[in-house]
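Following: one structure in structure tokens, then a few remarks.
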Amino acid sequence: MESLAPSARFDGNVVDMQHLVLNRLREENAKLRDAYASIVATARDNRAAQLQVHAAVLQILSAGSFENLIHTVTADLPLVLDVDTVTICLEAGDATIPRAYAAGLRSLPEGAVEGYLGAGRDIALASDITGERKIFGAATGLVRSQALARLDIGPQAPKGLLAIGSRNLDAFHQGQGTELIGFLSQAVEVTIRQWLSQPR
């Protein structure tokens, strides 16, 4: 009883508990309404993201050539996913990226993938950042949040990253679910592996 703030209604020494309880119930009801609205909004956002990733994977699977696959991932996916840039980064060292792929393929030094993701991690999300030119190239100035996912193309292929960048500060952030990004990166790596005839 001491934890309850008494109501302003008194009748001599008697506190009007009915009024007090009613106010408490109204406050709890308002909190529940807010929580419900937040859950519904989150569910809608998750559903929209799921539909975007499904559409992206279908486009990846529909690529008619390796060149078309690279174009689909790096030119079409930003529109499908509503982000600013998508690149594929490979630990190619000083190897020259063919001109036809220069806009979407980025060359990284050996060990860079582990450096960006962290040891033992397959996905890294970051918000409120400045994009890195080694990853995003000409689109670097737009990137304020990013999702980086490991690409394990095969034992004879260089390690890689699927890099997604957005100008939205909170498009990607720590604590966010990574299942859809993981699914998307696996679709990319499996399709690249098939076009390059790489073993698993």
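Could you run through segment 146-173 and say how many residues are among the polar types (S, T, N, Q), closer than 23 Å to THR130 by Cβ and out of contact with any Ser or Thr (no Cβ under 7 Å at 6 or more places or on another chain)? Steps first, please.
Here is the first cut: in segment 146-173, the ones among the polar types (S, T, N, Q) are 146, 156, 166, 168.
Subset that is closer than 23 Å to THR130 by Cβ: 146, 166, 168.
Pick out the ones that are also out of contact with any Ser or Thr (no Cβ under 7 Å at 6 or more places or on another chain) and you get 146.
Qualifying residue count for the region: 1.
Which of the residues belonging to segment 59-75 are free of Cβ contacts under 8 Å to residues at least 12 places away in the same chain and in a loop (DSSP other than H, G, I, E, B)?
The initial filter retains those residues of segment 59-75 that are free of Cβ contacts under 8 Å to residues at least 12 places away in the same chain, namely 62, 64, 68.
Answer for segment 59-75, where residues must be free of Cβ contacts under 8 Å to residues at least 12 places away in the same chain and in a loop (DSSP other than H, G, I, E, B): SER62, GLY64.
Would you be able to say whether some residue in segment 81-93 is over 25 Å from VAL57 (Cβ atoms) and not charged (D, E, K, R)?
Taking every residue of segment 81-93 in turn, at least one turns out to be over 25 Å from VAL57 (Cβ atoms) and not charged (D, E, K, R).
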- Message: Every residue in segment 136-175 that is surrounded by 13 or more Cβ atoms within 10 Å (Cβ to Cβ), within 18 Å of ILE192 (Cβ to Cβ) and more than 16 Å from the chain's Cα centre (by Cα), please.
- Response: ASP152, ILE153, GLY154, ALA157, PRO158, LYS159, GLY160
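Any idea which of ALA35, ALA30, ALA56 is within 22 Å of ARG106 (Cβ to Cβ), at pLDDT 80 or above, open to solvent by less than 60 Å² (accessible area, probe 1.4 Å) and among the small types (Gly, Ala, Ser)?
On the way: ALA35 fails: within 22 Å of ARG106 (Cβ to Cβ); ALA30 fails: within 22 Å of ARG106 (Cβ to Cβ).
From the options ALA35, ALA30, ALA56, the qualifying one is ALA56.
Residue by residue through segment 99-123, note down the ones that are more than 14 Å from ASP84 (Cα to Cα) and open to solvent by less than 10 Å² (accessible area, probe 1.4 Å). So that I can check it myself, show each step before the final result.
We begin by selecting, within segment 99-123, every residue more than 14 Å from ASP84 (Cα to Cα); these are 99-102, 105-123.
Listed by number, the residues that qualify are LEU108, VAL113, LEU117.
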- Item | Number of positions in segment 154-172 that are farther than 20 Å from GLN52 by Cα and modelled with pLDDT under 90 | 5
- Where residues in segment 176-200 are under 17 Å from ILE88 (Cα atoms) and free of Cβ contacts under 8 Å to residues at least 12 places away in the same chain, which of them is nearest to the chain's Cα centre (by Cα)? GLN186
- Taking segment 173-188, which residues are within 12 Å of LEU148 (Cα to Cα), among the β-branched types (Val, Ile, Thr) and either assigned to a helix (DSSP H, G or I) or modelled with pLDDT of 95 or more (or both)? ILE181
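On the basis of being part of a strand (DSSP E or B) and in contact with a His (Cβ under 9 Å, 6 or more places away or on another chain), does LEU162 make the cut? Walk me through how you get there before you give the answer.
Details: part of a strand (DSSP E or B): yes; in contact with a His (Cβ under 9 Å, 6 or more places away or on another chain): no.
Judged against the criteria, LEU162 is not a match.
Of everything in segment 43-74, what is under 16 Å from ILE192 (Cβ atoms) and of a type outside the set (S, T, N, Q)? Give them in sequence order. Explain how you work it out, then say what you get.
Start the filter on segment 43-74 by keeping residues that are under 16 Å from ILE192 (Cβ atoms), which leaves 56-57, 59-74.
Correct list: ALA56, VAL57, ILE60, LEU61, ALA63, GLY64, PHE66, GLU67, LEU69, ILE70, HIS71, VAL73.
In segment 176-188, what residues are surrounded by fewer than 22 Cβ atoms within 10 Å (Cβ to Cβ) and over 17 Å from ALA126 (Cα atoms)?
Narrowing segment 176-188 to residues surrounded by fewer than 22 Cβ atoms within 10 Å (Cβ to Cβ): 176-180, 182-183, 186-187.
Selection gives PHE183, GLN186, ALA187.
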- Message: Which pairs turn up if I take residues in segment 124-140 that are closer than 12 Å to CYS89 by Cα and in contact (Cβ under 8 Å) with a residue 24 or more places away in the chain and look for partners that are of a type in the set (Asp, Glu) and not in a loop (DSSP other than H, G, I, E, B) with beta carbon separation below 9 Å, at least 6 apart in sequence or on another chain?
- Response: none
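The values are calculated or read from the model by the stated rules, or taken from the named source; none is laboratory data. Just so you know, these numbers come straight off a predicted model, no measurement behind them. Because the Cβ atoms are built from the backbone with ideal geometry, glycine has one as well, and the counts that use them run over all protein chains shown. What goes into the accessible areas is simple: the full protein's heavy atoms, side chains included, and nothing from ligands, DNA or RNA. Shrake-Rupley method; radii C 1.70, N 1.55, O 1.52, S 1.80 Å.
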